[in-house]
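Just so it is clear, none of the values below were taken in a lab; they were calculated from the coordinates. Since we're looking at a predicted model, the values are computed, not measured. Counting neighbours? That spans all protein chains shown, and the Cβs are built from the backbone with ideal geometry, glycine included.
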Amino acid sequence: MLEVGCGYEGGVAPALAAKGYDVLAIDPEAPEGPFYRQIALEDLDDPGPFDAVVGGRVLHHVDPLGAALDRLAGLAPLLILDEFAWNHLDEPTIDWYESHHRLLVATGRKPKGPSDLAAWRARHTGLHTYEVLRAEVDARYDERHFEWRPYLYRWLGGPATESLEAGLIQAGAIRPVGFRYAGVRTDAVRSSASAR
Ligand SMILES: C[S@@+](CC[C@H](N)C(=O)[O-])C[C@H]1O[C@@H](n2cnc3c(N)ncnc32)[C@H](O)[C@@H]1O
């Protein structure tokens with residue numbers, strides 16, 4: 001497995017290795033360790049092939065996105081993503097997040113996410129929207145799994161935040177802004193169909 005953009009905390013590589021996968025995890029900010037390389041995707045010299053690529057909260061940052069997806073599709077037939085549809089943050093969702101953030105701070109906690117989402121957005125220009133990311137992924141892969149999920153609990157932390165966010169999404173009070181996707185490279189689908 002190749003984990004792209006594992007981040008300074010090391011991503012899911014340790015969990016994959018613990019399950020018995022042979023894993024390489026890359027990121028210019030990757031930690032030291034047996035399966036890590038401190039390198040960007042564009043500079044990766046390993047020709048693969050890998051069985052699968054996994055990326056957590058990475059592709060909405062990567063530019064140019066099309067070239068990165070071409071590279072990933074060349075390295076493995078399967079793409080697994082855990083992502084953030086930041087542009088789906090609507091007013092009720094932002095209001096809930098920011099007020100919950102204030103509540104946590106008032107009770108002495110230190111949420112790792114920003115207190116002000118408009119200020120966060122102003123600091124993060126050039127992020128790809130969900131629709132742009134989906135169009136680029138769909139141009140190369142056939143969807144096998146997709147689900148909308150809670151996301152903001154990761155920024156908020158605190159007890160029961162994930163179940164609270166999930167409950168509010170289910171009730172239609174806020175929007176889900178996390179998603180998980182798995183897809184198979186389109187040419188791999190075509191070649192297995194023509195082999196049958
Ligand atoms: C929001 S962080 C996510 C880190 C980790 N996957 C996680 O979920 O905690 C995005 C990461 O993508 C990495 N990244 C962005 N562009 C990249 C590229 N072209 N090649 C490899 N990593 C990249 C950044 O260095 C950063 O660590």
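For the residues 69, 44, 65, the requirement of being in contact with an Asp or Glu (Cβ under 6 Å, 6 or more places away or on another chain) and surrounded by fewer than 19 Cβ atoms within 10 Å (Cβ to Cβ) singles out 65.
In the set (1) more than 9 Å from the ligand (Cβ to nearest atom); (2) crowded, with 19+ Cβ neighbours inside 10 Å; (3) touching a residue at least 60 places away in the same chain (Cβ under 8 Å), residue 90 fails one condition alone, (2).
Of the residues 102, 57, the single one that is in contact (Cβ under 8 Å) with a residue 12 or more places away in the chain, among the basic types (Lys, Arg) and more than 10 Å from the ligand (Cβ to nearest atom) is 102.
Any residue at all in segment 103-126 that's assigned to a loop (DSSP other than H, G, I, E, B), touching an Asp or Glu at 6+ places or on another chain (Cβ under 9 Å) and closer than 17 Å to residue 58 by Cα? Yes: segment 103-126 contains one or more residues that are assigned to a loop (DSSP other than H, G, I, E, B), touching an Asp or Glu at 6+ places or on another chain (Cβ under 9 Å) and closer than 17 Å to residue 58 by Cα.
The conditions of being within 13 Å of the ligand (Cβ to nearest atom) and not β-branched (Val, Ile, Thr) are met by residue 31.
Residues that are under 19 Å from residue 74 (Cα atoms) and in contact with a Cys (Cβ under 8 Å, 6 or more places away or on another chain) within segment 1-39 comprise 25, 26, 27, listed in sequence order.
Within this structure, residue 12 fails the test of being surrounded by 16 or more Cβ atoms within 10 Å (Cβ to Cβ), within 20 Å of residue 143 (Cβ to Cβ) and within 10 Å of the ligand (Cβ to nearest atom). In segment 21-38, the condition of being surrounded by fewer than 20 Cβ atoms within 10 Å (Cβ to Cβ) and part of a helix (DSSP H, G or I) is met by no residue. Within segment 1-25, no residue that is over 21 Å from residue 61 (Cα atoms) sits with its Cβ atom under 7 Å from a residue that is part of a loop (DSSP other than H, G, I, E, B) and within 8 Å of the ligand (Cβ to nearest atom) at 6+ positions apart or across chains.
Take the conditions out of contact with any strand residue (DSSP E or B) (no Cβ under 6 Å at 6 or more places or on another chain), farther than 20 Å from residue 69 by Cα and not basic (Lys, Arg) and apply them to residue 97. Does it pass? Considered against the rule, which asks whether it is out of contact with any strand residue (DSSP E or B) (no Cβ under 6 Å at 6 or more places or on another chain), farther than 20 Å from residue 69 by Cα and not basic (Lys, Arg), residue 97 comes out as yes. Only one of 65, 81 is touching a helix residue (DSSP H, G or I) at 6+ places or on another chain (Cβ under 6 Å) and more than 8 Å from the ligand (Cβ to nearest atom). Can you tell me which? None of the others qualify; the one that does is 65. Cβ separations smaller than 6 Å between residues 6+ apart or across chains give the following pairs from segment 64-79 residues that are in a helix (DSSP H, G or I) to residues that are not hydrophobic (A, V, I, L, M, F, W, C): 65/128; 65/136; 66/136; 69/136; 69/140; 73/140; 73/185; 75/48. Among residues of segment 39-54 being touching a Lys or Arg at 6+ places or on another chain (Cβ under 9 Å) and part of a helix (DSSP H, G or I), the one that is nearest to the ligand (Cβ to nearest atom) is 41.
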